[in-house]
Structures are given as structure tokens and as C-alpha cells.
Amino acid sequence: MSRRLLDRPEIVSHDIVTRAMHEAKSDDFGGMSWSEPLEVLTRSLDREASLTMSGRRAARDRLVARLLDRRPIRDVTSDGTGAVPTVVVTGPDPDSVRSGEQALGGSGIDGITLLESTFTSMSFEVDAHIPSYAEWLTEADLHAPYADVARRCTHRVLGAMDFAERTAEIDRALPGALLVEIDRPLEDAVEAITHHSVLGRRHDSRTVDPAKVERYWRWRLGLRQERRAGARPADLTVGYDELVAAPAAFAAAVASAVGGSSPPR
């Protein structure tokens, strides 16, 4: 066997789990609901993403890190001392979600990391060409992963692109949470998310065709719109340009909607 093949980083679920167990010195990663999503994701990354050697290594390390994020933590819903999310922010692209979260006093990093630790996040689609995983994700029942995220979240605000088409799961996992949607025209959203995808994939993939990436996101966000039409309306909808122009007004509107005198943090 060639040295090049021997050096080829594996992207398989059992290797991810073994590495995480070795580092954590434990096999307790909060149940096993993450097992199937991780299996589907690793298979898609391995077979479809056309990753370079460094890209494969980065993908493997990212997944190990996300599994390690699942190590036991205080259950924020059981002892009354944690900050169970009261606001869920969603939008069609990373800029929309990030802007909404930042206006409410958060970076969004916690929410993104938490969702990735369930291995059920559209953020993986942004960074790699993984159509099999994307197809699986659109059809999966994500109540259990969302309940897991709700339990582990330590912030009042939780945001992700995924949530707009998952209102049923959100309502079950976070009953009473305010759903805030950042509205952005499809063309603007496609341009923004394509930009993010192309930049991310160029670091790790052997071939990146911006035209194909754009076509993918035009289809995916179109599907998102269709699925969104069948979901319940948001409690508060704000245009992206309006949010960017007046983030303080946006925060005040959210605070008013949740019945508080100041933005949730």
C-alpha cells in the first residue's frame, strides 16, 4: 500500500468516535441520537465532497471537536439556573442569522456549535458538497436533536438557518420561544450564501465551481421557501436591510415581543 494512501485521513464515523473517546477518556457523549446523523454525514463527506488531504483532515478534526462538545454538562432546564432559550432567530443565509443574533447581544457561535454537535446542521452544507447528507437532513425528524440543543444551550438566543422550515420541531423542543425570522429576497440570499460556500470550499475541496454552487443554493433556498410556506408563521418578521440599518430598533422590537424591557441576552 502506498504511503500516500496510508496517510489519507479517514472520514468514517467509528474513527471520529474512537478519536473523541481517546481524547475525552470517556465514551459518554450524551446518549446516541447523534450516531445516525454522524454516519450519514461522514459517508457523504468521504464520498462526495472531493476534499483535499488537508480538507479531509480539517473535516475529521471538526467532527471530533463537535463530538467532544457533547461531553456531559449541566442540564440547564432541570435546576432552574440556566438560560433556556426564549428567542429563536432564523434567516436564509449566515449573514442574516448572525446579524440578528449580534443585534440581540450574542455572537451566534454557541448556537451554531450546539447544532453542529447534533450533526444535523445546514452549516455542513455551506462548507462542503454533500448532497446525500442534505437529502437525508431535509427528511429527518429533528425533534430529538433540537431538544438536545435546547437542553444544552446557555443563552437566551439561539439562531440557525435551519429553523425556518422546522417550526414544528422548534415548538416541541422549545415551547413558548419567540420565533424571529429575518426576511431577505431570494436573489440576495442566494448571492450571500453562495459567497460563503465558495470561500469555505476553496480551502478544502479539489474542485469548486461557483456556478454549480450557486445553482445548488438557488434550489436549496427555493426548497426552503416551499417548506417554509407550510410551516407556521414567525412571531416576528424583520427585513434584513431594516435589521442592518437599525439593529437597536430590531432588538427593542424583540424585547417588546417577549415582554421584557431590554433585549434578551
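For the chain, what does the alpha-carbon gyration tensor say about shape, rounded, prolate or oblate, given a ≥ b ≥ c as the root eigenvalues, a/c under 1.5 as rounded, and a/b over b/c as prolate? Note, shape of the chain comes out oblate.
Each of GLU169, GLU10 was scored by other Cβ atoms within 10 Å of its Cβ. Arranged with the fewest first, they read GLU10, GLU169. Phi angles across region 31-36 convert, under the Karplus curve 6.51 cos²θ - 1.76 cosθ + 1.60 with θ = phi - 60°, into 3J(HN,Hα) values of x, 10, 4, 7, 5, 5 Hz, Gly and Pro given as x. Taking the square roots of 5 times each eigenvalue of the Cα gyration tensor of region 164-265, largest first, gives ellipsoid semi-axes of 30, 17, 13 Å. If the segment from ALA246 to ASP141 were pulled out straight at 0.36 nm per residue, it would be longer than the present Cα-Cα gap by 34.2 nm.
Against the empirical curve 2.2 N^0.38 Å, the C-alpha radius of gyration of region 3-68 lands at a ratio of 1.11.
Between SER26 and THR113, the simple label model (points 7 Å from Cα in the Cβ direction) yields a spacing of 1.6 nm. Residue-wise HN-Hα couplings along region 120-130, as the Karplus relation 6.51 cos²θ - 1.76 cosθ + 1.60 with θ = phi - 60° gives them from phi, are 10, 9, 5, 4, 5, 5, 5, 8, 7, 7, 9 Hz; Gly and Pro carry x.
Angle of helix 143-152 to the longest C-alpha principal axis of the chain, folded into 0 to 90 degrees and rounded to 10: 80°. When each of MET161, MET53, MET21, MET32 is scored by the number of other beta-carbon atoms lying within 10 Å, the sequence from fewest to most is MET32, MET53, MET21, MET161.
Can you tell me how region 112-155 classifies by the Cα gyration tensor, rounded, prolate or oblate, using a/c under 1.5 as the rounded cut? Oblate is the answer for region 112-155, as a/c is 1.5 or above yet b/c matches or exceeds a/b.
Any read-out appearing in this document is the output of simple, stated calculations on the displayed coordinates, not a laboratory observation. Remember, predicted model here, so these are calculated numbers, not experimental data. Note that we place each Cβ from the backbone using ideal geometry, even for glycine, and neighbour counts take in every protein chain shown.
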